[in-house]
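What follows is a short report on a single structure.
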Amino acid sequence: MSWGAAFFYYRCPACGKKFKYGADAIAEFGPQFGLCPGCGVPGDYLFDGPRPPEDMDYEEVDEVIRFERGPLDA
Ligand SMILES: [Zn+2]
């Protein structure tokens, strides 16, 4: 069983944005894994696994988010 193509899917409770993180990026993102790329709040976890048919509705977060200001800095 390969986890190479697995993603964790989230929906932001603040802005409603749908996004996903690669399962292999957990180490890279650390505590930022699962945060909304738009506003930086923790997303509501939906599901994980191989790409579902609605995969394209979810923006892939592929680089560590850097916020000028945000809830994490407050
Ligand atoms: Zn958001």
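Observations on the model:
- For a paramagnetic label modelled on Asp57 (point 7 Å from Cα along Cα→Cβ), amide N atoms under 19 Å away belong, within segment 4-28, to 7-22.
- Cα-based equivalent ellipsoid of segment 1-48: semi-axis lengths in Å, sorted from largest, via gyration tensor: 19, 12, 7
- In this simple spin-label model, placing a label point 7 Å from the Cα along the Cα-to-Cβ direction at both Val64 and Tyr45 gives a separation of 2.2 nm.
- For segment 25-41, putting each phi into the Karplus relation 6.51 cos²θ - 1.76 cosθ + 1.60 with θ = phi - 60° gives couplings of 9, 4, 5, 5, 7, x, x, 8, 5, x, 7, 5, x, x, 10, x, 8 Hz, in residue order, rounded to whole numbers and with x for Gly and Pro.
- For segment 1-48, with +1 on Lys and Arg beta carbons and -1 on Asp and Glu, the positive-most of Val41, Ala27, Gly16 along the dipole: Gly16
Readers should treat all values here as calculations from the given coordinates under stated rules, not as data from a laboratory. What you are looking at is a predicted structure, and each value in this text was computed from that prediction instead of being measured. Neighbour counts run over all protein chains shown; Cβ positions are idealised from the backbone, glycine included.
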